[in-house]
Amino acid sequence: MDLNDLAPRNGEWLRGDGSDADIVISSRVRLARNLADFPFCSRADEAQRRDIENKLRTSIGDVHGDQSLIFFDVGRLDDLDRQFLVERQLISRELASGQGSRSVAIAPREDVSLMVNEEDHLRLQVLHSGYSVRQCWETVNKLDDLVEERVTFAFSEEFGYLTACPTNVGTGMRASVMLHLPALSMTKQIDRVFRALQKIQLAVRGLYGEGSQASGDFYQISNNITLGKTEDAIISNIEVVVPTIVNYERTARRSLIKENKQTLHDRVSRAYGILQAAQTISSEETMALLSSVRMGVNLNLIDDVRIDLINDLFIHTQPAHLQKLEGRPLEGEDRNIARASYLRKRLSEIHRTKPPTDSQAN
Amino acid sequence: MPDFPVDLAELRCPDCGTTFLDFRRTGKLGCPYDYVVFRDGLIPLLDRVQRSQHHTGKKPLRASEVVEAHSPVRALRFQLRQAIESEEYQQAAKIRDLIRAREKQNGSE
Ligand SMILES: [Zn+2]
């Protein structure tokens, strides 16, 4: 499989199915593991890194049963391909920008990715569309068991799975759920939600790990603590919180509709209008406008565009995706012009291919 | 001034050469054995950031085979690296043989 073949598809995390998919975008569980007989990555020289890679490669190649994994030597990929994998949530920024031998094994469905020689020797990730964090845990737990049959991981009775950074020690687990919260951001209630989450040891980050001002109103909620709690308790903590936040978001949307329907409708329609007409547009503005349109579609304020297309556009207008789809390198202003033209094209196609609507029948 | 005792700062892991001070500078440990060597310094830190000192989650299935954090093979790898760095190639070759023998003995992974 070539990375270029992935570009037209929208990957697992923005597939748009699953329960509460209008708000819960995706769920993910990641486990950090290290081989017992090697130093951690930051202390390993290149020969050791290659040894680690070889050992893990032979041990993880067939753990995914029906789907065989595809390996990418991340150190040999060019910048564009690395950025592309980051945009698809298949590798971390750290693996992309790291040094020395490092790789990733990806399932063709893009729901599994195993990173080798990131901060830890192995990071197993399972990612599902929609709200399914417990299912992610069950899957990654099985993968971990299979790898563990073949290698010896660094583990101590006292501290659990030993990791390069003590912030991951114990379970080595980071469980997260990505939420789309435009109404809570718009009504400035989001900070209150975050403060409440911090009190119960949950962290909030933006789409690509950035701070409070999240791109496209996408927020990732994850556990801060990896030691002293069982994996089950960590998952349960998230499961308690997510439905509550989903309800807050729905309530905020309802009250926006009730109290400010015209203002909201105007905002959403303007966003849609700009995306259909702009001649040059940055990634940041695109994300902000798509966020409004996404909410507008979910609230039936916009009725001629399907949610899948909006989900598609979120990923396809990212810098590396855009360049892959256009088949050429694009920098700065050229990229913004290409992005605007891509948006106009995709959003005008729906009108050309659209069947007669109810409103025309009326 | 560091916020930990000087004798702790100078502790060095025999398996990988990391000192506690290195860890405090980078936030990263050098190898699994560091959790044993720096245990006294790590406990208060874990208490603060993790609010716990003990693992209660998943254990490897082959619990009987769980290795101690100290790994003779890893220690040999560290010696090998040092030998190469100081261009003692004969010594390096000897260590390499020892690593291979150990790996075979462990039924190599
Ligand atoms: Zn060490």
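Points to keep in mind about this one:
- Take the conditions (1) within 16 Å of the ligand (Cβ to nearest atom); (2) modelled with pLDDT under 85; residue B:109 misses just one of them, which is (1).
- Residue in the range B:35-58 that is modelled with pLDDT under 85, under 25 Å from residue A:117 (Cα atoms) and facing another protein chain (nearest Cβ under 10 Å) present: no
- Helices (runs of 4 or more DSSP H) within the range A:45-143 that include 3 or more residues open to solvent by less than 20 Å² (accessible area, probe 1.4 Å): A:46-60, A:79-87
- Residue ranges of helices (runs of 4 or more DSSP H) in the range A:285-362 with at least 2 members at pLDDT 95 or above, closer than 28 Å to residue A:3 by Cβ and open to solvent by 70 Å² or more (accessible area, probe 1.4 Å): A:332-353
- Enumeration of residues in the range B:59-90 that are among the polar types (S, T, N, Q) and at pLDDT below 90: B:64, B:71, B:79, B:82, B:86
- Pairs meeting the criteria (first residue in the range B:28-40 and charged (D, E, K, R), second residue in a loop (DSSP other than H, G, I, E, B) and within 9 Å of the ligand (Cβ to nearest atom), beta carbons under 6 Å, at least 6 apart or on different chains) are B:34/B:13; B:34/B:18.
- Residue list for the range B:10-25, filter: free of Cβ contacts under 8 Å to residues at least 40 places away in the same chain and either facing chain A (nearest Cβ under 7 Å) or within 9 Å of the ligand (Cβ to nearest atom) (or both): B:12, B:13, B:18
The values are calculated or read from the model by the stated rules, or taken from the named source; none is laboratory data. Values in this document were obtained by computation on a predicted structure and should not be read as measured data. Backbone-built Cβ (ideal geometry, glycine too); neighbour counts: all protein chains shown. To get the accessible areas, we keep the full protein, side chains included, count just its heavy atoms, and leave off ligands, DNA and RNA. Shrake-Rupley method; radii C 1.70, N 1.55, O 1.52, S 1.80 Å.
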